[in-house]
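Step one of this worksheet: look at the structure below.
Any read-out appearing in this document is the output of simple, stated calculations on the displayed coordinates, not a laboratory observation. What you see is a predicted model; the values in this text were computed from it and never measured. Reconstructed Cβ throughout: ideal geometry from the backbone, glycine too, with neighbour counts over all protein chains shown.
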Amino acid sequence: MAEKTQKIGIFDSGLGGTTVLKEMIKSLPNEDYIYYGDNGNFPYGSGKTKNELQKLTERILDFFVKNNCKLVIVACNTASTAAIDYLREKFSLPIIGIVEAGVKIASKNTKNKNIAVISTKFTADSHGYKNKAKMLDSELNVKEIACIEFAQMIESGWDTFDNRKELLNKYLSEIPKNTDTLVLGCTHYPLIRKDIEKNIKIKVVDPAVEIVERATQTLSSLNLLNDKKEKGRIIFFVTGETYHFKPTAEKFLGKEIEIYRIPK
Ligand code: DGL
């Protein structure tokens, strides 16, 4: 039997999932969190097969189960695309996926049902969003655009790349004219949201907002919301470097973090 005092596990291939964690802390500050950044195996979004991604994410779920989690958030669109069904079959705890949340928030926001999604190559090539849209809102027209270099650039320091504007223009110019809503279909992208918004006039939506709603609903329906009064503890585990990860995550979250390196 799960208990209210257990933790929420959130994972990504690196820094991206901190954009989801930030939204979660805002709404559910009294929960305890484990953030797992698999930056030792970064990137997930190019050069890995579905099978490899399933195996990597299965290890992360094992880690969460061993570390007493009551709910898991797959804060990585690539991992959600490759492995959400696989993980749900293998594990009995509730697992919330970001692609389903992304389709939902897009369908809530679009007026004309024409949406575009920017994502990693894996998510776009596997039609992660098109496939979920078929199941959740079959009227949505989805244009999927792979921004191949973005996650890597953001992970290692977006501002240090002189060609970032040029690349932004290149990919955002692929958005069809009739599109009214753009989904940030990679959890790294909210970190450069301002730069994206500078370049386009349509509505930009972040699935993280919807994730929070789903997580809250799920925990509440299972009577698993932590009702302690004090703020929760957040522990970070990463499988790669911390020298860049730690300051970047701290800057984004606006506070110091507790972080440990574990084998990849
Ligand atoms: N943040 C991940 C996502 O949402 C992808 C980054 C990567 O390529 O590893 O898809």
Restricting region 94-123 to residues that are more than 10 Å from the ligand (Cβ to nearest atom) and more than 21 Å from R214 (Cα to Cα), the residue that is surrounded by the fewest Cβ atoms within 10 Å (Cβ to Cβ): K111
Being away from the ligand (no atom under 14 Å from the Cβ) and outside any helix (DSSP H, G or I), is that true of even one residue in region 182-192? yes
Hey, could you check region 145-199 for residues that are small (G, A, S) and crowded, with 19+ Cβ neighbours inside 10 Å and say which is nearest to D38 (Cα to Cα)? A151
Odd one out for Y243 among (1) surrounded by fewer than 19 Cβ atoms within 10 Å (Cβ to Cβ); (2) among the aromatic types (F, W, Y); (3) not in a loop (DSSP other than H, G, I, E, B): (3)
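Could you check region 129-148 and list, in sequence order, the residues that are out of contact with any strand residue (DSSP E or B) (no Cβ under 7 Å at 6 or more places or on another chain) and either more than 10 Å from the ligand (Cβ to nearest atom) or assigned to a helix (DSSP H, G or I) (or both)?
N131, K132, K134, M135, L136, D137, S138, E139
Taking the condition more than 13 Å from the ligand (Cβ to nearest atom), closer than 14 Å to H188 by Cβ and either part of a loop (DSSP other than H, G, I, E, B) or in contact (Cβ under 8 Å) with a residue 24 or more places away in the chain (or both), does K22 pass? Before the answer, list the steps.
Details: more than 13 Å from the ligand (Cβ to nearest atom): yes; closer than 14 Å to H188 by Cβ: yes; either part of a loop (DSSP other than H, G, I, E, B) or in contact (Cβ under 8 Å) with a residue 24 or more places away in the chain (or both): yes.
Judged against the criteria, K22 is a match.
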Check on K130, crowded, with 16+ Cβ neighbours inside 10 Å, without any contact (Cβ under 8 Å) to a residue 24 or more places away in the chain, within 19 Å of the chain's Cα centre (by Cα) and closer than 25 Å to A79 by Cβ: yes
Is there a residue being exposed (fewer than 15 other Cβ atoms within 10 Å of the Cβ), within 15 Å of D12 (Cα to Cα) and out of contact with any Pro (no Cβ under 7 Å at 6 or more places or on another chain) anywhere in region 219-239? no
Quick check: is even one residue across region 111-126 part of a helix (DSSP H, G or I) and of a type in the set (K, R)? yes
Enumeration of residues in region 36-84 that are within 15 Å of G14 (Cβ to Cβ) and without any contact (Cβ under 8 Å) to a residue 24 or more places away in the chain: G47, L56
Of all residues being under 22 Å from Q217 (Cβ atoms) and aliphatic (A, V, I, L, M) in region 76-93, which is farthest from the ligand (Cβ to nearest atom)? Just the residue, please. L93
If I filter region 52-75 down to residues being more than 23 Å from L224 (Cβ to Cβ) and within 13 Å of the ligand (Cβ to nearest atom), which single residue comes out as surrounded by the most Cβ atoms within 10 Å (Cβ to Cβ)? L53
